Number of protein chains: 2
Amino acid sequence: MVKMSDVAEKANVSKATVSRVLRNPETVKKTTRDKVLAIIEQLNYQPNILARHFRRSETNTILVVIPNILNTVFSHILGGIEHEAGKHGYRVLLANTNRQVEKEYEFLDHLKQRQVDGMILLSARMDKSVLYDVMKQYPVVLTADYLEGIPIPTVTIDNVSSGRTATEHLIKLGHSRIAHITGPLHLLVSQDRLKGYRQALLQNDLDVDNILIQEGDFTHESGYNQMTKLLALEHPPTAVFSANDEMATGIIKAAKDHGLSVPEDLAVVGFDNVKLSAIYDPGITTIAQPMFEMGNKAMEILLHQINGDDSCKKQYVLQNELVIRESCGAKRKNNS
Amino acid sequence: MVKMSDVAEKANVSKATVSRVLRNPETVKKTTRDKVLAIIEQLNYQPNILARHFRRSETNTILVVIPNILNTVFSHILGGIEHEAGKHGYRVLLANTNRQVEKEYEFLDHLKQRQVDGMILLSARMDKSVLYDVMKQYPVVLTADYLEGIPIPTVTIDNVSSGRTATEHLIKLGHSRIAHITGPLHLLVSQDRLKGYRQALLQNDLDVDNILIQEGDFTHESGYNQMTKLLALEHPPTAVFSANDEMATGIIKAAKDHGLSVPEDLAVVGFDNVKLSAIYDPGITTIAQPMFEMGNKAMEILLHQINGDDSCKKQYVLQNELVIRESCGAKRKNNS
DNA sequence: TTATAAAATGTAATCGGTTACATTTAGTAT
DNA sequence: ATACTAAATGTAACCGATTACATTTTATAA
């Protein structure tokens, strides 16, 4: 393997000059620079990146902690991170936690051992004080998830207002008995969507009937099961706001199996705007999270931190959007 | 940052001994080992992994080249890789090509610069001779995709027989006019599924009508469009074999929009068994690829190669399975 | 107890770029 | 032409763990 000293020797310059040609070309006179570059070309010299990483103690690699790669919301965000990282010559290391907190702690070691230059969390279940200590010392950004009470840089949407928007949309369509199937309620995201749902009802002088609020776990199956429960009620809802799209498909399935049709007998609004919501029949009205942009922004902020600019350590709230499809009935042809 | 020499000094031993305690504990006497471990604990010493990587020129990291993270088939495989890698203390670097060949070439440099110990390709568009040269020198495994004519270690399913199975299933259900919407035909995977479709028809004395074979690109939209074309035929098909599940949803949508119901008027079989096929209404009968296992196996083989065992450099064919749901009509209650 | 082999530990070179600092060369003004 | 500054290049220390080889300690046998 040809090394820097080989190039230096052949070019009649010192290793230092070769190094400069590669890292600070502008500090080397054009003639020598060209000479060195020619030799590099000729010998097909590839710098040993490991040596560089070691010496500079930086890796040009960042770590993304993902609770579940199979969830397309996360893979979209990952796509955004990847895109932005690639533009700046950074690599992305993947860390799948499968929702286990211990894994999160484990991956922290990568940061502490300087194996990566920074970390983007797509889930923060670890102890707040631990996370706080980490973020004081290392570049960290949180996205998709968020935490209260600690000033960690975060990129999200406003889930409360999104939940309100979704619910208000159903109210405007004339519904007054609106159910909500939530995500896992230990997640702030789920709590906030629920909060938005409540606000919308109250602001429109509608009762909040707790029986209409059921906790799901973001899976199709939980949507199906909880909806089945709701349909067995004496006064079943005429509309449902689902905390994500996959559960919405379960809800629709349950309604159909119960002999109801969507949106005629039951209006449904989902959340996330993953491809599934566009593909499903009926198309699912949903709140679009700018997933790719979230990833992009998170990476952008992380890069700033890595480069020593801490002015970006803030909370960023991106815009969400209501995407109207068939499942809510707004597009129904023979409808007022 | 406390380093190995600090530990050595405090423990009254040499750096070498500390190093051995960490890497070859059995070569150190129990008493000294315990003493050193205690100091390590006490000083909270974390070895500098970058120095180790540099010195040993190995990284415990592998690279996964993915054409598209958003495709759940790939993320399932990635999940399998991640799982197996984690078990052996390896990290997974992600490389998203977005189907650009240039990107594949670019990521090869990671291997050549020894930034990773090996590479798993989920797509091989690059020049065969280049790939061949690479695989002779470095640990490489191909999965999800495959190539003819070069002996690169590969993990796949038999797409020809899978295509045949899917088609035969429709034939057994009494269909004789069966269409096939293929994947992009520059992919061997798509060609093979088509081959299987042809074989099934021929072996059952049915004509292969080329008008019933339409090329899609694995998206819902292409399924929809191609099916719409097929339905406009004078003799439209009564069944369709789709080269993946997402296109199957487009096919079903097109049929519905055309006033047909699935499976009564049109039977559909998909491919992949991604969650979508289970969630969709109707549930899609499909060929299950053991995606997670493919990833697992690919990683396993790669690890063997990394450890210098080249006996595993073979082609591995995993079992696929027909998963019967509603879309093919086999489960139809009032059916013969 | 002494000789000898085996086990444990130490010494010091090494991996290959990077960079602070020293030195040389080129450029500019007087 | 001289003095002085800026640009270009060289020298050598350095990052921190690993490991071949040398040396010391311990165990075993005679």
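Residue by residue, here is whether (1) touching a His at 6+ places or on another chain (Cβ under 6 Å); (2) assigned to a helix (DSSP H, G or I); (3) modelled with pLDDT of 95 or more; (4) open to solvent by 30 Å² or more (accessible area, probe 1.4 Å) holds:
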position	(1), (2), (3), (4)
A:T228	no, yes, yes, yes
A:P237	no, no, yes, no
A:F241	yes, no, yes, no
A:T249	yes, yes, yes, no
A:A254	no, yes, yes, no
A:V262	no, no, no, no
A:A278	no, yes, yes, yes
A:T286	no, no, yes, no
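Of the helices (runs of 4 or more DSSP H) that lie entirely inside the range A:1-91, those containing 1 or more residues that are closer than 30 Å to A:K275 by Cβ and more than 11 Å from chain B (Cβ to nearest Cβ) span A:72-87.
Of all residues being part of a helix (DSSP H, G or I), under 30 Å from A:M126 (Cβ atoms) and touching a residue at least 40 places away in the same chain (Cβ under 8 Å) in the range A:168-193, which is farthest from the other protein chains (Cβ to nearest Cβ)? Just the residue, please. Going through the qualifying residues, I end up with A:L188. Candidates are the residues of the range B:18-32 that are surrounded by fewer than 17 Cβ atoms within 10 Å (Cβ to Cβ) and among the charged types (D, E, K, R); the one that is farthest from DNA strand D (Cβ to nearest atom) is B:E26. Among the residues of the range A:208-218 satisfying the criterion of being part of a loop (DSSP other than H, G, I, E, B) and under 14 Å from A:L185 (Cα atoms), which is most open to solvent (accessible area, probe 1.4 Å)? Applying the filter and picking the extreme gives A:D217. Tell me the residue from B:L188, B:L173 that is within 30 Å of B:L230 (Cβ to Cβ), within 16 Å of the chain's Cα centre (by Cα) and not assigned by TED's automatic domain parsing to the domain that holds B:L303, please. After ruling out the rest, the residue left standing is B:L188.
If the condition is being within 25 Å of B:R114 (Cα to Cα), away from DNA strand C (no atom under 11 Å from the Cβ) and not hydrophobic (A, V, I, L, M, F, W, C), then the range A:3-48 contributes A:E9, A:K10, A:P25, A:E41, A:Q42, A:N44. When A:V116 is tested against the conditions (1) under 16 Å from A:N60 (Cα atoms); (2) open to solvent by 10 Å² or more (accessible area, probe 1.4 Å), the lone failure is (2). Within the range B:287-328, the set of residues being free of Cβ contacts under 8 Å to residues at least 60 places away in the same chain and either small (G, A, S) or within 23 Å of B:I66 (Cβ to Cβ) (or both) comprises B:A288, B:H304, B:G308, B:S311. Selection of the range B:311-327 for residues being over 19 Å from B:F241 (Cα atoms), touching a strand residue (DSSP E or B) at 6+ places or on another chain (Cβ under 7 Å) and open to solvent by less than 70 Å² (accessible area, probe 1.4 Å) yields B:Y316, B:L318.
Out of curiosity, is A:P67 more than 30 Å from A:T143 (Cα to Cα), more than 10 Å from DNA strand D (Cβ to nearest atom) and of a type outside the set (A, V, I, L, M, F, W, C)?
Answer is no for this residue.
Exactly one residue out of A:V7, A:V36, A:V13, A:V2 is of a type in the set (V, I, T), more than 16 Å from DNA strand D (Cβ to nearest atom) and farther than 22 Å from A:I306 by Cβ, and it is A:V2.
Against the definition (open to solvent by 30 Å² or more (accessible area, probe 1.4 Å) and either basic (K, R) or touching a strand residue (DSSP E or B) at 6+ places or on another chain (Cβ under 7 Å) (or both)), how does B:R193 come out, yes or no? Spelling it out, it is not the case that B:R193 is open to solvent by 30 Å² or more (accessible area, probe 1.4 Å) and either basic (K, R) or touching a strand residue (DSSP E or B) at 6+ places or on another chain (Cβ under 7 Å) (or both).
Within the range A:95-135, track down each residue that is within 14 Å of another protein chain (Cβ to nearest Cβ), assigned to a loop (DSSP other than H, G, I, E, B) and aliphatic (A, V, I, L, M). Passing the criteria: A:V116, A:L122. In this structure, A:I77 qualifies as under 16 Å from the mean Cα position of the chain (by Cα) and at pLDDT 95 or above.
Mind checking whether some residue in the range A:154-167 is modelled with pLDDT of 95 or more, more than 23 Å from A:V64 (Cα to Cα), part of a helix (DSSP H, G or I) and among the basic types (K, R)? The answer is yes, given that some residue of the range A:154-167 is modelled with pLDDT of 95 or more, more than 23 Å from A:V64 (Cα to Cα), part of a helix (DSSP H, G or I) and among the basic types (K, R). Would you check which residues across the range A:80-109 are open to solvent by 10 Å² or more (accessible area, probe 1.4 Å) and either of a type in the set (S, T, Y) or under 14 Å from the mean Cα position of the chain (by Cα) (or both) and list them? Correct list: A:E82, A:H83, A:E84, A:Y90, A:N96, A:Y105. Filtering B:L302, B:L233 for residues that are in a loop (DSSP other than H, G, I, E, B), more than 14 Å from every other protein chain (Cβ to nearest Cβ) and either open to solvent by less than 20 Å² (accessible area, probe 1.4 Å) or aliphatic (A, V, I, L, M) (or both) leaves a single hit, B:L233.
Among the residues making up the range A:118-134, those that are out of contact with any helix residue (DSSP H, G or I) (no Cβ under 7 Å at 6 or more places or on another chain) and closer than 19 Å to A:P67 by Cβ are A:L121, A:S123, A:D127, A:K128, A:V130, A:L131. When we screen A:T72, A:T97 for residues that are touching a Pro at 6+ places or on another chain (Cβ under 6 Å) and away from DNA strand C (no atom under 16 Å from the Cβ), the only hit is A:T97. Report whether or not B:S57 is within 30 Å of A:I66 (Cα to Cα), small (G, A, S) and either within 12 Å of DNA strand D (Cβ to nearest atom) or open to solvent by less than 30 Å² (accessible area, probe 1.4 Å) (or both). Here the answer is yes, as B:S57 does meet what is asked.
The values are calculated or read from the model by the stated rules, or taken from the named source; none is laboratory data. This structure is a prediction, so every number in the text was calculated from the model and none was measured. Note that we place each Cβ from the backbone using ideal geometry, even for glycine, and neighbour counts take in every protein chain shown. SASA here: full protein model, heavy atoms, side chains in, ligands and nucleic acids out. Shrake-Rupley method; radii C 1.70, N 1.55, O 1.52, S 1.80 Å.
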